Each structure stands twice: as C-alpha cells, then as structure tokens.
Amino acid sequence: MAQQLILPMIPLGATEINNHVSAWRGEDRWTYFLGTHPIYSHHANDDRMFRLITSMLIDSGACRQIEIIRTFGVSKSNIDRSLRMLRAGGPESFFKPTHKGRRGGGNVLNRETLENAQRLLTQGYSRSETADDLGVSYDTLRKAISDGRLAEPGKQHETATTKSSRDVVDAQAASGMGTACIRVEERALAAFGVCDGAPVRFEPCLDIPKGGVLCALPSLLMNGLLEGAEQLLSGVKGYYRCFHILLLLAFMALCRIKTVEKLRGQAPGEFGKILGLDRVPEVRCLRKKMDELSADNAAELWAAHLGRHWMQADPEAAGTLYVDGHVRVYHGQQTKLPKRYVSREKLCLRGTTDYWVNDAVGRPFFFVEKVIDPGLLKTLRDDIVPRLLNDIPGQPSQEELEANPHRCRFVLVFDREGYSPAFFRDMWKNHRIGCISYHKHPEGAWPDDWFVKHEATMPNGEIVTMHLAEMGSLVGSGKDSVWLREVRKLTDSGHQTSLISTFYEPLHTVLATRLFSRWCQENFFRYMMQHFAIDLLQEYGTEDFTDTEQVVNPTWRELNRSRNSLQNKLRYQRARFAEMSMHPESEDDKARYTKWFRKKAAFLEQIQHYEYQLDEEKAKLKKTPKHINWAQLGEKDRFHRLLPGRKRLMDTVRMIAYRAETAMAALLVSSTVDLAAARCLLQNLFANEADILPDPENKRLLVRIHSASRPAANRSLEQFIAKLNEAQVEYPGTDLRLVYEIRGGSGDQGSPESVSLSSQR
C-alpha cells in the first residue's frame, strides 16, 4: 500500500531497486530516491561516485547486495571490493589517485558502461579497443564476456574454449567467490533464495578431463538415478539442486573417485563442465548437500523405492534371488562395534554385516544393514522375505498355487549358513517360497554310474558341462523333517558337491546352474570393494540404538567362551588318558610303571576337575539369558550405530553405477571382448577426455570422445556409441539431446579446434 502511494511522486521511468529505494537516470545524471526524497546524485559517467553511493546504500541497510547486482548488472566481487574500501578508508578512499599505468574508470561496469560496451562490440570493435574506449581494464571486460553480461556477436558459443584458457578464467575467478565461480549473479541470487538452483548451461569446451563419463548418462538414467529422487529425497536449497548432486556422485563413482575427500584432487571447474555448471561443489558443501538429501531416513526410502523399481523392470530376474552377507570391517575409534567372523580375512573383527539381495548375474536389488548381526536365517525371516513378498512382481495367485502343488512364488539361493530343514519347511509351507542351498550333512558317496553328463546354460549365457545325479532326501528330524530334492555334482577329482532344494518344478540341471551361479554374487562383492569402495565410511559420528534393541549378553558370551575352553581342555585330557590306557607300562619295571600310574592318575584327576567346572559353567549358562536389551548393557560394553544417512545415499548411487556399468558392458561383449575386457574398456572411456559442443538451435549436445589408445578399442567403442545414440536421451534439466562421436572416428566431421555450431549442423 505504501509503495502505491509514493511511486507516482517519483520521476517517470525511475528504476525500482527495492520497495524503498529507486534510481532515475536524467539527461546526464543519476539520482537516487529514498521513498519520495532524493538522497544522492552523481554524473552518469562518474564510476567512483556510483561505487561510493551503492556501497553506502548497502552499508546503511537501505539495499542488499543482490538488489544492486540485479539492478545495475555489477559483479559481486566488485561490490565486495567497494564495501571493503568504504569500511576501511571511508568515502575518501574512492577519490585517491589511481596507480600509474592503470586505466581510469576502475573495475566497475555499471549498466550504462555495459550498454556502451555491448554497442562497441556489436559494431565490431575488439576487446582491447572497447576497453580503451571505455576506460576500463581489459580483464574487467573479459570477465564480463565470460560470465555472460556481455556478448561478442559472431563469436559467442561458436569457438570452443581450450583447457588452458579455462584454467586462466577459473583461476582469476578465485579473487571473487572462489575457483571457477564465474556465474556470479546466479550464485548471488541462489544465496538470497531468489532462484531455485542453477540452470544447466553448456558452453563449447575442448579436452574436458573425464568427459567420457557422459557416455554413461543414458544407462544411469535408465537404471533409475533420478527415479523418484525429487519426491523421496529431502529437498536441498541453493545453487546446487538434487539432480546436480546425484549426477555428480554417479560420475564420481564411475570415475573411481571413491570418497568425497578425493574430489579435492579434481579441477572443480573442469568437472563442473560435465554437469553444465561453472564448477562442482567443494567438499564441505557436498557433504552438507548429502546430509540434507538423506535426512529423516530419506536415503533408505529412496533405496527401497529403487529396489521395487528394478524388480518391476525385470520380473524374470527377480524370480531367483541370491542372498549373502558381507562384513564391512570397521577400524575407527568412534565406537566398539561387535566382533564377527570375516571369512576373507579368516579373523574375528569389528564391523557391520550387510545382507545383499542380488539377481543371478550379480546385479543388486537392495541390502539390509545389521550392526547387531542376528544371522542369515533370522534376517531372511524378519527383514528380507516380508519385503520380497510385497515387492516381487508377477507372483502366482493363491488359486494358481493351489492348482499346482509344485509351483512356488519365487526362489531364494544362499550358502550353508542358511541350512536349516525347519526354515526350508517353513518357507514352503507358509509362503510357497523355494530354497536352494548346499547340503550341510550329506550321507555317503553315490555310485559314479548314477551321474549323467549334461550341458547346462548358466544365467550369464555360458554353456558348461556337468555330471549330475538326483534323488529325494529326508533331512531334519521330528516335526522339522522335510523331503527335499538332493542333486549332486561329480567333479573331475571325484568329489561330490551336494545341493538340496524345495524348488520342485524345474529339471535338476536348472537347480545346479542356479546354485553354482553364486560366484556372481561373490564377484560382485569383490568388484564393489575394489572399484566402488563399498566398505569405506562416508561420514563420522554415531547414534544410539533404541532401548529395546536386542543384543548378545556380554555375561553369556563370557560364560559361553569359558564353556568352550573347558570342553577343549577336557577333550585333550581325555585323549591323553585314553592313549595312556591303550599303551600301558609293564609291571616288571617298577620305576617306569609307578611313573606311568601316577601320570595316569593325574590325568584322571584333571579330567574330573574339568568335568566339575564344565557342569558349573553349563548351569550358569543355562540360567543366563543369551540376549538382553541394549539399555541393560554396562557402560564398558555399550556400543553405538554409525550414522547411516550419507553412507546409505552413496551406496545407493554406487548400486546404480554398478548396474549402469554392467548394462553398458553387456553391449560391448562380443566374440573378441569378454565381460572383464568390456569393463576395462569402460573404465578407460570414463577417464578419457571429451569435447562438449552444445547446439541449442538444433537442441542437441555433441559429446566428442577422444580416441582410445588402440584401433580395436575404437572399433568396439564406435559400435557401442551407435547404440547410445539410438537411445535419444536428453540431458537432465535441458532440452538438449545427447549425441556421441569418437574423435577421429567415422562419425567425426572435422577438427574440433575450429568447430562451430554451423559446422555441427
């Protein structure tokens, strides 16, 4: 209301800075109004007075920096410089004589100066001629052209920049807001909440390091990188938006930048060009954004959504699932996590157990983290099976299950840790879930003539030869007994590997190929540890468990350890006593016989002592509960959970990256390129340089990959890139369709050093 009362009293054509302050350009003067009252005035070409007055308006609180930037088109660095001058030396500091050799006019480009500069550039004046004519420094003019405040007709977005020229621009930007922060206005607007994130804007650039990782973008998007992210992840505000962060994390994973801290070793401006930004966030900022995205269990919800999404996309793969635990060893000092056996280290170490659910070729669907490890069977019962019953698509109806007594909903495959006849019986009877595992206690060897040679196709397409035999087996005892299919594989060495299953429908060759494909999951763990660093921490800090969380009673653990020790000692003493009884000394040699008799008596006495102690320990153990609530733990035994948010977000992105890389590797596999070689080709591709050449008029973004080191690799990549171009994928946040070429390949139409949009069309 107040604004409507005072604006008509201000000269017509005045520019509103905010609701209280306005500026009016007369014939040759600028006049500033506070409400209806003129407060300052200066000659139109007096840049010193302009800097002084705008600084005083900001310093007095009448205006904000962003309002001056938006109104007059000046940079934030220049405003900061003028404010420092005012606060350090007062108004007099603006009128001190300039240093010898410096052009008059300072480094400020106000609106009028920008208009004059644009007019001269449009008329064909060079940068040097324009700077001399206006009395500004060449660097000031160059910065204005670089950050988009000025345009050079006929040159803008036609000549691609080189890495050396970008390095100079990025380094000079550090005097203002930081290295490569050349989008000053956009960053200022985002800081004040005026705009919702930076727009994606590509500029022609040559030799972008790791630019080849853009070839992974179609596969990343198809594997759900942005699926449900905006809805499920917590919102972020500022210059970087949610999809900026997810793209950056995915590109980091594929480029083998294994931790956020490792990002410090990358040129921020160069990596930012891949994202269509001026630079990537610094490490501290990236950590903050990851915390914001994963807040309030958002990362867990997103991961669960992606698991369902992947199963819906491939119901056949979701029909047979592989479950296994992977221990993430923890060597930190934040808390003393419970110890557990780590098979790859053959040691008991502190850590966290993650139970992964993968398909037959190793692609992950989801994992369940267990700081307090209850074991595979309990995790299957309580966490995994209920989730699968709800998420797996295409399960047979109850009518279909009743019509076919051998049909199941889906199949679970796991190792000997999950061997339990009671569990097999429960899964089949109550849920109609088939199980496949190794037989833990096979009885005797089967005759060799039972085994028949079969050719079987593994899930990865490999054809193998196996000698197999099958018969029914009753496992378990009492009410837990159940009839299962037992299939044995005869190896060349004569060993018989036995598997059991409640999956009654398929041929025994199918059961064998399903179980013996478990190595894909083991390879997945090994590859993820080596290339995607799934065991590394992403944040530091801990949180308490709920008071009702069940943990192993430390007293029970000590009693159990003592019992096991006594049993081992007793077993040893009994063995020594039996040995002496089997080889008695002759009574003819009285001395030797007496020594033998006394030693035997000592063994017997020791055995009786251990038996008495063992009975006492067993009685104590029987009265001691195995599990207690976490709140009942003593202070010395209490441990905490490592903060899961940032780790869960990063692990989810790593799963997407692995699935994307696996899909791309499948496109590269041929008669001369196996899966391992295909992955190696992709790793080199992601690390390779590329030229990024946008064509807004034709709505396309050309990514020209530099040639590989070998002609054979180039030929494989050309076929691969042809398939990428068929996808017709647009870069997120733009309407630009991604187009890929190999530099020097058959699709390359000219030298990138002289490329222009017209030549691209």
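FYI, it's all coordinate maths here, none of it is from the lab. As the structure is a computational prediction, the values presented were derived from the model and not from experiment. Here Cβ is always computed from backbone atoms with ideal geometry, including for glycine, and neighbour counts include all displayed protein chains.
What FRET efficiency do you get for Thr672 and Ser493 if R0 is 41 Å and r is their Cβ-Cβ distance, rounded to the nearest 0.05?
The formula returns an efficiency of 0.80 here.
Using +1 on the beta carbon of Lys and Arg, -1 on that of Asp and Glu, and nothing else charged, what's the dipole of the chain about the Cα centre, debye to 20?
2260 debye
In the range 29-66, which residues have a backbone nitrogen under 14 Å from the label point lying 7 Å from Asp80's Cα in the Cα-to-Cβ direction?
Backbone N within reach: 65-66.
What's the angle, to the nearest 10 degrees (0 to 90), between helix 283-293's Cα axis and the longest principal axis of the chain?
For helix 283-293, the angle is close to 70 degrees.
Listed highest first by mean packing, meaning other Cβ atoms within 10 Å per residue, what order do 578-591, 265-278 come in?
265-278, 578-591
Rounded to the nearest 0.05, what FRET efficiency do Val168 and Asp132 have when you use their Cβ-Cβ distance and R0 = 30 Å?
0.90
Quote to one decimal, in nm, the extra length available between Glu611 and Arg638 on full extension: 0.36 nm per residue of separation minus the C-alpha distance between them.
6.4 nm
Between 0 and 90 degrees, rounded to the nearest ten: what's the tilt of helix 645-668 against the longest Cα principal axis of the chain?
90 degrees
Gain in length, Tyr540 to Arg64, computed as 0.36 nm per residue apart minus the alpha-carbon separation, to one decimal in nm?
Taking Tyr540 through Arg64 to full extension adds about 167.6 nm, to one decimal.
Of all alpha-carbon pairs in the range 590-727, indicate the percentage at a distance above 23 angstrom.
Cα-Cα pairs of the range 590-727 separated by over 23 Å account for 68 percent.
Report the far tail of the P(r) of the range 666-749, meaning the percent of Cα-Cα pairs longer than 19 Å.
39 percent
If the only charges are +1 at each Lys and Arg Cβ and -1 at each Asp and Glu Cβ, what is the size of the charge dipole of the range 554-624 around the Cα centre, to the nearest 20 debye?
For this selection, approximately 400 debye.
Could you check the spin-label model distance between Lys590 and Ser565? Points 7 Å from the Cα along Cα→Cβ, value in nm.
Inter-label distance under the simple model: 4.4 nm.
Once the piece of chain linking His583 and Glu230 is laid out straight, how much longer is it, given 0.36 nm per residue of separation minus the C-alpha distance between them?
Gain in length upon complete extension: 119.1 nm.
If I model a spin label at His467 and Leu349 as a point 7 Å from the Cα along the Cα→Cβ vector, what separation in nanometres do I get?
Placing both labels 7 Å beyond Cα along the Cβ direction yields 3.9 nm.
At 222 nm, what helix-only mean residue ellipticity would the chain give, in deg cm²/dmol to the nearest 500, using -39500 (n - 2.57) for each DSSP H run of four or more?
Per the formula, -12500 deg cm²/dmol.
Take each of the peptides 305-318, 66-79, average the number of other beta-carbon atoms within 10 Å over its residues, and list them starting from the highest.
For the peptides 305-318, 66-79, the packing ranking is 66-79, 305-318.
Around Leu217, under 12 Å between beta carbons, what's the net of Lys plus Arg minus Asp minus Glu among the other residues?
0
What does the convex hull of the Cα atoms of the range 306-438 come to per residue, in Å³, rounded to a whole number?
Convex hull volume per residue, Cα atoms: 121 Å³.
Positive end of the charge dipole of the chain (Lys, Arg +1 and Asp, Glu -1 on Cβ, about the Cα centre): tell me which of Leu701, Ala619, Ala299 has its Cα farthest that way.
So the residue we want is Ala619.
Relative to the longest principal Cα axis of the chain, at what angle does helix 711-726 sit, 0 to 90 degrees, rounded to 10?
Between helix and principal axis, roughly 80 degrees.
What's the ranking of 423-429, 388-394 by average number of surrounding C-beta atoms within 10 Å, highest first?
423-429, 388-394
So for the range 554-624, what are the equivalent ellipsoid semi-axes in whole Å, largest first, each being the square root of 5 times an eigenvalue of the Cα gyration tensor?
34, 10, 7
How long are the semi-axes of the equivalent ellipsoid of the chain, defined as square roots of 5 times the Cα gyration tensor eigenvalues? Whole Å, largest first.
For the chain, the semi-axes come out at 70, 34, 24 Å.
Work out the FRET efficiency for Gln312 and Gln398 from their Cβ-Cβ distance, taking R0 = 25 Å, and round it to the nearest 0.05.
Once rounded, the FRET efficiency stands at 0.75.
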